[in-house]
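Heads up: the structure comes next, in structure tokens.
The values are calculated or read from the model by the stated rules, or taken from the named source; none is laboratory data. This is a predicted model, so every value here is computed, not measured. So basically every Cβ, Gly included, is an ideal-geometry build from the backbone, and we count neighbours across all protein chains shown.
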Amino acid sequence: MNGSSDAPSHSHIKYHILNIALSLVFFTVFFILTLLPYSDGLRIDGVLCTAGADVAVDLLPVPPDGGYGWVIVIAAFFSNLIVDGVCTSFTEFKGAYSQHFHASDASTALIGSLLIGVYLLVGPVVGGLVNKYGARKVVIGGALIAGTAFIISVAAPNIYAFMLIYGVVGGVGFGMIYLPAIVVVGYYFESKRAIATGIAVAGSGVGTMIMPFVCQYCISNIGWKYTVWILAVLVFLCALFGLLYRPLTPPAIEQKDQELVPLRAALRKMSEGDDYEVGKW
């Protein structure tokens, strides 16, 4: 038996090294984010207590449990349909990518792995962006990033540049679309949160079933490059869905610092283990 046939090929070695490197990078970023301080004050039941002359008390918004919330659900449904539909239709492009770039099966398969893996791995970072900037801005930014990456990727000179543009950059954009589409539904529903989230997530299943057939038809008739551009147009539509993610922002109630002195005293007693009664702070 020829011993060289059992040795791993260079493409497989590069595949595993790249996977390990990407995992280390994203887990390092996640670890650093967990070490960052969350806020300067103490938040209890939606009230942030900080020192200063004037204090803004942020009241938690009440989920409407319907109404405009169903518009949010529909927008999230189609966002998930596009994101997961594009990811699962990668198999239809695999042969065209391998032939165009003269790449091995392992290198070509890594493109789809990067697209799915990156959009899931950036979840902790995207979650922080949603907390800071809101779902609407993050989704619009993600749609612009992923759509632009898809358009540029067809001009990639080699398989590795295509991996970076389509897989990594496109995956980052997809992560910025996918996570907010799941989170924002919970803001608008409480008693109906489970069914609303289920409807939004069902978009992934619908996209998984129909997008491979759509891509197969387009590749056969207009070629893979124009098909990727069609996918880019669909991704840009997610920016319009993001515009529908209207935030629930009740106005803050301005109170003087001295009005929160009883609250701080009660919190201090709680931390020291002292007994207290409501209404006698």
Would you please name the residue that is farthest from L144 (Cα to Cα), looking only at residues in the range 166-195 that are surrounded by fewer than 23 Cβ atoms within 10 Å (Cβ to Cβ) and over 17 Å from the mean Cα position of the chain (by Cα)?
S191
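When you look at M209, is it over 18 Å from the mean Cα position of the chain (by Cα), within 16 Å of N80 (Cα to Cα) and either aromatic (F, W, Y) or assigned to a helix (DSSP H, G or I) (or both), yes or no?
Here the answer is yes, as M209 does meet what is asked.
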How about the range 73-124: which of its residues are in contact with a Gly (Cβ under 6 Å, 6 or more places away or on another chain) and under 18 Å from W224 (Cβ atoms)?
G85, F90, I111, L114, L115
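What helices (runs of 4 or more DSSP H) completely inside the range 130-203 contain at least 1 residues that are closer than 30 Å to D65 by Cβ?
Result: 135-153, 170-188.
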Out of curiosity, is T108 part of a helix (DSSP H, G or I), crowded, with 18+ Cβ neighbours inside 10 Å and modelled with pLDDT under 95?
yes
Consider the range 111-147. How many of its residues are in contact (Cβ under 8 Å) with a residue 40 or more places away in the chain, over 12 Å from G175 (Cα atoms) and hydroxyl-bearing (S, T, Y)?
1
Considering (1) touching a Ser or Thr at 6+ places or on another chain (Cβ under 6 Å); (2) among the hydrophobic types (A, V, I, L, M, F, W, C); (3) under 30 Å from L244 (Cα atoms), say which one I159 fails and leave the rest.
(3)
Quickly run through the range 108-129 and pick out the residues that are touching a Lys or Arg at 6+ places or on another chain (Cβ under 9 Å) and either under 15 Å from V184 (Cβ atoms) or among the hydrophobic types (A, V, I, L, M, F, W, C) (or both).
A109, L110, I111, L129
